[in-house]
Structures are given as C-alpha cells and as structure tokens.
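Following: one structure in structure tokens, then a few remarks.
The values are calculated or read from the model by the stated rules, or taken from the named source; none is laboratory data. Source: prediction; values computed, not measured. A quick note on method: Cβ atoms are made from the backbone with ideal geometry, for glycine too, and the neighbour counts reach across all protein chains shown.
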2 protein chains.
Amino acid sequence: MATLGAQKKHKVTIVGSGNWGTTMSKLVAENVKAHPDLFEEIVQMWVYEEEVPIPQSSKHYNPETANKTHKLSELVNTIHENIKYLPNITLPSNVVANPDVVDSCKNSTILIFVLPHQFIPRVCDQLADKIMPWARAICCTKGVDVGEKGIRLMSEAIGMRLNIYCGALSGANIATEIAQEKYSETTVAYDPPPMDSRAPTPKGSPASSQVDLISPSKAIPSARSARLKALPSEYPPLSHENVRKLFHRPYFHVRIVSDVAGVSLGGALKNIVALAAGFVDGLGWGDNAKAAVMRVGILEMVAFGKAFFADSVHTSTFTEESCGVADVVTSCMGGRNFRCAKMAIERGESIFEIERKELNGQKLQGTSTAYEVNSFLKTQGMEKDFPLFTAVYNILEGNVKPEQIPDLIEPKQ
Amino acid sequence: MATLGAQKKHKVTIVGSGNWGTTMSKLVAENVKAHPDLFEEIVQMWVYEEEVPIPQSSKHYNPETANKTHKLSELVNTIHENIKYLPNITLPSNVVANPDVVDSCKNSTILIFVLPHQFIPRVCDQLADKIMPWARAICCTKGVDVGEKGIRLMSEAIGMRLNIYCGALSGANIATEIAQEKYSETTVAYDPPPMDSRAPTPKGSPASSQVDLISPSKAIPSARSARLKALPSEYPPLSHENVRKLFHRPYFHVRIVSDVAGVSLGGALKNIVALAAGFVDGLGWGDNAKAAVMRVGILEMVAFGKAFFADSVHTSTFTEESCGVADVVTSCMGGRNFRCAKMAIERGESIFEIERKELNGQKLQGTSTAYEVNSFLKTQGMEKDFPLFTAVYNILEGNVKPEQIPDLIEPKQ
C-alpha cells in the first residue's frame, strides 16, 4: 500500500571501482542525471581504498609532488578520475567515491555489483542486514561458480547472501571502449519473482549458508520469493523500462531479458569457446575453422543451459543477445583467452606457460572454467554431450591434440 | 514402382569449375569413392573451356613450352589440377572435366550448380529437357535475385527452369581453405516436396518463364510439386543421410536442414552486414561495436526471412547454422565486403572508389545486395523495419554518415 509523504527516488550504488566498475559508474551517473524523476542524482561508488601516486602520463601529474600518494577515493572525488583503473576518463561529478562499503550502500535501492569474483562473498557478508530490505541488485561480474555438486550463478550468490533479488548484466563489453563512449551493446537479465509486500524485514541471514544447487533458479519461487520484500509503492516501479533507463546510453544499447541463468552462463562459458578458437587459429586453419568452432561453441552453451537450467534458460539468450553470440565474437577476435591459446599453439608451449610469461601474475578465466565445467560434467556423466568443452579440457590436460578437434566434435551419424 | 535390372547408382555432375566449383568437385569425388554403393565413381565437372598457359609458379611449368596454351578441360584430365582457378591442389582422378555442359549432365541424377550468379539462367536454358526428369539439384552459388517485385532464390531459379527440385548449400566456406582440407562446416538445405511417381516426363519448359515471387517457397506445393518427377525406386533414396554422404568429409562437416530460403538468404544478406561491420571497424570503434553490428545484422536477417518467407524460414537457420552466424563471422573477419568498407572509411573515399582501385574490375556483392534489398523494402514500405540494412544503403548513397549507425539502429522505446 502506498504511504504518505513525497514520492521517493531510487538511490544507486556501484559496488566496485575497477576498470569495469568505474566505467559502470560513469554511464549510470550519466543516466541518473537524465532521469531525475526516477533516480537520486548522487551515485555512490564503493572504492577499495588504496594509496596511489599520480603517474607521469596523467594530466594531473606534478613533478614537485611526484612521490606523494593519494587516497584513491579522494582522487575520484576531487579530480573526477580513477587514475589507477580507468585513467584519462573524466567521471561525472555526481559519482561519489566512498571507501566504506556499508555506508556507500546505505539507503540504496539499487546495488550494482562489479567486483572481482573472489571478493563477492566477503563483501556481501559485510553488507548483510545493513542494506534496504527491498533493495534490488544487478551483478555485472561475469562468471559462475561451478563445482562438482552444482553451478551457482554470481547473481544467486549475491541474492542469497543479501536476501534480495539480483539480476545480471553481461555482453560484448570491453570496458575501456565503453568508457570512451564507443558504441557497444549489453544484455540485462531482470525478472524478480512475485514478492510479499507485507512481510517484515527479514532477520538474520539464513540465505548466506552454503547451498549448492544444480538449478538455483528453481529455488526462488519455492524457497525464497516469499521471503523477498517488495519495493514500497512510494518508489517508482523497477520495471524493465526503468531498469533500462539506468543502463541504456546512446553509445551503450541495452536489451532486457528475463533469463538470468542464460546471461550469467554466457559470460562464463564463452571463455571456453575462446580457448578453442585460439587453438584452431594457432594451427593456421583459417577463418572457416574459427567460425565453425565459435558456432559449435554457441550451441554447446545453449545445450549446457538447457541441461542444467531447463526451467529458465532460453536458446535466444545465447543465439540472439549481446551476452551470447556477440560476447563470443568479441572474445574470439582478440580476448585474452583467445590470444593466449593461439600463442600456446604457435609457440608449442602449454597455455599455462604462456599465462605465466604473458599475464604478469593474472590468471586466465577460460582455463579454470574449462576445468570446473569438465569436473561437473564428469559427475553428471555428460562429458560426451559437450564434445567441444570436453576437447578443450583434454587439450589443456595434454590428453588430445588441437588437431583432433574436428574429429572430436564431429556429429556421429 | 521398382523395375527389373540392377540397382542403379547416382551419377553426379558439378556444373561449374571456378575456385568453389573445383573445390566442390574434389570433395564430392572423394565422397563418391567412399560410398560406392550409392554413387557412380566418375564425377563429371563441366568446364567452361578456356585456353590457358601453365604459369611459372606451377610444378608443371616447362620453360621450353612456356608460351604454349592448353585447353583447361584437358589439363584437369591429364595433370588433375585446375591450374587457373584452384592452382596447386591435386584433384582426385575420378573428377572428369567435360567442356560440353549437356553431355556432362547426361544421365546424372545429381546436379551440383556452382556457377557465377549471372550464368545460371543461360546454362539452365541449355540444359532444359536434356537432363534426367528425376534429377535433383543443389545450388552452391550464394546470393538471391532481389527485384522491386520480389525475391527469387537461385535454387528456385534453377528448379523452375529445369523443372526439378533444387536445394541449396551455403556456409562459412572460403573455398581455398576447404581445398586445402582445413576444417570447415557448411549447411545443406534439402527438402523435396512430395512428387508424383506416375507423371510422364514433362514436355516443354513452362517453368522457365519469368515469374516474380515474393515467397517462391509457397509455389512449390501448389503449382510445381505435382509436376516434379519422383526418383525411380531402383535408385538409392536421396534421403538427408545420403545427401549428407555426398558432401560431408572429415574436414568439411555438413548439417542438413529443410529451410532452403533461409540458407539462400543467409549467403546474400550477410554481405550487407559485412559492409556495416567494415564501416564501424573503419571508424576505429573496436570489437564491441563490431560484434554489436554483427548481432543486429543477424537479427535483421532473421526478420527479413520471417517477413518474406514466413512459411518456410526458421530463426535457427540464421542463428545456429553455418550458413547464418558462422558465415557472418567469417565475412566480418576478413571478407572482401568487410575489407573494402573498412578501407573506404579509413581513407575517406567512397566504397565505389575502393572497389574500382582494389578489386581489379570485380564487383562487391554487398553493395548490389544492399541496393536491391533497399529497393524491395521501399516497395513494401518496410525500410524502417530493417534499420541496419537501411543505414548501409543510406551510407552508400551518402545520405547518412557511418557515425550515425548506433542512433539509426537504436530501438525506440
């Protein structure tokens, strides 16, 4: 029921301030200004505080204070630039950096998570019970947690730990290009279940317990939606139209879908496809072969979604949306997984050797996803149903050669 | 009804001997040898006769006879190489070149057309009434004829002129890569309607009259299938399984579908998408933008098929098959339309100027298809339903700038 008082607006927080998080802050801050009827003007951005020097390449560099370091959050709030993670891009002045994660989310109805994978559980545990009970989240971190027992989407991990609804955003989104306002597209999955508008604010955090689900989406209606709290009616509704207004820019086109699992899986599984494309390109097999592997990969992504999230996954999420086909294209044109796999074949070295030499301590997502997915498929007895994913795993393990890919993925008739 | 006598086998003719036709002869000749129960061993290849010298780069070059020219068909039959159109690839000895098109097709039950677009009507008129009445054709020439009045598929043009059923083959198929046995995939559309097994051999060629059809596929059951003659039962059936055996190789994977219109449209419309991808890449907009344009392009291909061939076109032909998504990928990675469009933007010249300077008299397919499709869309009052195709046309015409693509294709909400 609507209450007395002024119509409220949505307050937005970006939880994360890396390359992608800062880019997201910029475009969301532009959008909240464009829609003052829906959103509060200030966009909070949680910054993991660091002391950073101003590099010589920056226009803010001063040789007299070259050795001085600054708090990253203070730099964002004074020079309006994330000098460490998104240099040379001026942020709108309504982005306010905040080093206190709980304070940054206080009273926010929209939480946009853009954290590295491994930080999500810890940050969510800090936030549990400190956020608005009717807040909604969107997870912009790509990837899924695949274990032997099941697959957990990042959005589900966030949603369960915070006891709120969490959607997902994924697409062919190289952050730096978007920060430079070069044309891009993305897919937002947002489909909250019916919620109880009478339920009290939940106490405790039972949702943060470890639960492994083969198909977490099934859990929402039965176990969780009754506990999720509806947005009070004094806020503008978070309809697809209004969610789109939060993300859509002239240079960043948004399509909204309902398939959270498909959008999330796309961002993870495409990295396995990019490894396969890199392998065949490294063999010098040309563009036909690369396109073939990409096509087969997209169909295995569909099959994986259908096998393990049958209730919610749509084929079109993979074959028609930015988070599917377009992200595969971008990842197989020049992404890191593609490049390292190609280099491994060309140099006759293992991809792990290439990773060590070329990535300066960073890890490839494709290799860990290929191992995790294979381990899960083994427990399901379904390795043979995903011949390309299985071939990539076996190439990484040295069990088969990349030259065998056509034979391994050939449909048996 | 089955007749007395030995079980017959299918005789195969390749109508065409260019780069793609000769490649097709090679792989089909390999397959007929692998399936002697289904196919006669000799594969006829119709060669448009030319007198050719042996180039210095060839292993067959002899400086003492350097000025001597040879009949192309005789060279194929002696040195087993198409020295002009597919140099340095040895053809199987069961490929027999024949300069007489009627003789090459005599008694053949399978005719594989791999001719340049513009030669198809003339060659079909030469063959009319000279072929087996129950022959079946597969058209491997990409493209469709789009006029103001309608769209005619190449396969329909062949089928109507010869009064036989004609399917289509299309995919991410750069011929030279396939000739080198580098891994590739293709899509074969083959779905003959029910045919009359009692009908006499048709006289005359009423089917070769000019008929413009918006949706030619509709015409088959009503007007033509009753005139099509069924394959006598002493031949092995031309089932999907047996058609696949004719084309599928360990290095050339075939998927068979029923959607002739979708397969044919894919091979034509992807060239418009490749121009769009070239334009945004020429602007330096990066991989997100290129992937976005490709994705939007694939969806306009789907929409075009659905709008004008609603009865027969499947979305998945474009989004899941080699003739759709994979051909778009290959064409947007390095195809000629992509490269010329990119170069036009980078050099600030018109694409027609680039075509003139770079293509040595050859023409881009993308530009003519973009014009033909636009002219057709105008007559249908549907330009605005295909904003990317329309944008490409307007860029070619100088009416809009490539920088306007995101705005032009932005979904209005």
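Within region B:45-80, the set of residues being part of a loop (DSSP other than H, G, I, E, B) and buried (at least 19 other Cβ atoms within 10 Å of the Cβ) comprises B:47, B:54.
Among the candidates A:308, A:304, A:338, the residue that is surrounded by fewer than 23 Cβ atoms within 10 Å (Cβ to Cβ), more than 9 Å from chain B (Cβ to nearest Cβ) and not polar (S, T, N, Q) is uniquely A:308. The number of residues in region A:361-413 that are of a type in the set (A, V, I, L, M) and away from chain B (no Cβ under 14 Å) comes to 9.
Please verify whether residue A:30 is among the acidic types (Asp, Glu), under 24 Å from residue A:182 (Cα atoms), in the same structural domain as residue A:178 (by TED's automatic domain parsing) and outside any strand (DSSP E or B), treating the condition exactly as stated. It is true that residue A:30 is among the acidic types (Asp, Glu), under 24 Å from residue A:182 (Cα atoms), in the same structural domain as residue A:178 (by TED's automatic domain parsing) and outside any strand (DSSP E or B). Within region A:133-165, being buried (at least 20 other Cβ atoms within 10 Å of the Cβ) and more than 16 Å from residue A:262 (Cα to Cα) holds for A:135, A:136, A:137, A:158, A:159, A:160, A:161, A:162, A:163, A:164, A:165. Considering A:302, A:392, the condition of being in contact with a Leu (Cβ under 6 Å, 6 or more places away or on another chain) and either assigned to a helix (DSSP H, G or I) or more than 30 Å from residue A:189 (Cα to Cα) (or both) is satisfied by A:392 alone. Scan region B:311-329 residue by residue and report those that are more than 8 Å from chain A (Cβ to nearest Cβ) and within 19 Å of the chain's Cα centre (by Cα). Within region B:311-329, B:312, B:313, B:314, B:317, B:318, B:323, B:324, B:328 meet the criteria. In region B:386-413, the residues that are in contact (Cβ under 8 Å) with a residue 60 or more places away in the chain form Cβ pairs under 6 Å with partners that are of a type in the set (Asp, Glu), at six or more places apart or across chains, as follows: B:386/B:300; B:388/B:300; B:389/B:300.
Scanning region B:177-199 for residues that are assigned to a strand (DSSP E or B) and modelled with pLDDT of 95 or more gives B:184, B:185, B:186, B:187, B:188, B:189. Among the residues making up region B:244-269, those that are more than 10 Å from chain A (Cβ to nearest Cβ) and in a helix (DSSP H, G or I) are B:246, B:247, B:260, B:261, B:262, B:263, B:264, B:265, B:266, B:267, B:268, B:269. Inspect region A:233-243 for any residue being among the acidic types (Asp, Glu), in a helix (DSSP H, G or I) and either within 14 Å of chain B (Cβ to nearest Cβ) or over 21 Å from residue A:156 (Cα atoms) (or both) and give the result as yes or no. Yes, because at least one residue in region A:233-243 is among the acidic types (Asp, Glu), in a helix (DSSP H, G or I) and either within 14 Å of chain B (Cβ to nearest Cβ) or over 21 Å from residue A:156 (Cα atoms) (or both). Looking only at region A:51-74, decide whether some residue is out of contact with any Cys (no Cβ under 9 Å at 6 or more places or on another chain) and closer than 23 Å to residue A:159 by Cβ. No; the residues of region A:51-74 include none that is out of contact with any Cys (no Cβ under 9 Å at 6 or more places or on another chain) and closer than 23 Å to residue A:159 by Cβ. Scan region A:177-197 for residues that are within 14 Å of chain B (Cβ to nearest Cβ) and either of a type in the set (A, V, I, L, M) or surrounded by 19 or more Cβ atoms within 10 Å (Cβ to Cβ) (or both) and the total you get is 10. The number of residues in region A:275-301 that are facing chain B (nearest Cβ under 8 Å) and among the charged types (D, E, K, R) comes to 3.
Being under 26 Å from residue B:145 (Cα atoms), at pLDDT 95 or above, in contact with a Cys (Cβ under 6 Å, 6 or more places away or on another chain) and not charged (D, E, K, R) is a property that residue B:114 has. Across region A:24-40, the qualifying residues are those that are touching a residue at least 60 places away in the same chain (Cβ under 8 Å) and under 13 Å from residue A:235 (Cα atoms), and the one among them that is surrounded by the most Cβ atoms within 10 Å (Cβ to Cβ) is A:39.
One residue stands out among those in region A:142-176 that are of a type in the set (A, V, I, L, M, F, W, C) and part of a helix (DSSP H, G or I): the one that is farthest from the other protein chains (Cβ to nearest Cβ), which is A:160. Among all residues of region B:316-338, there is none that is touching a residue at least 40 places away in the same chain (Cβ under 8 Å), in contact with a Pro (Cβ under 8 Å, 6 or more places away or on another chain) and under 22 Å from residue B:401 (Cβ atoms).
Screening residue A:272 on (1) touching a Phe, Trp or Tyr at 6+ places or on another chain (Cβ under 6 Å); (2) within 14 Å of chain B (Cβ to nearest Cβ); (3) not basic (Lys, Arg) shows it passes everything except condition (2). The number of residues in region A:366-387 that are of a type outside the set (S, T, N, Q), surrounded by 21 or more Cβ atoms within 10 Å (Cβ to Cβ) and part of a helix (DSSP H, G or I) comes to 4.
Against the test of being assigned by TED's automatic domain parsing to the domain that holds residue A:286 and within 27 Å of residue A:150 (Cβ to Cβ), the options A:359, A:388 yield a single qualifying residue, A:388.
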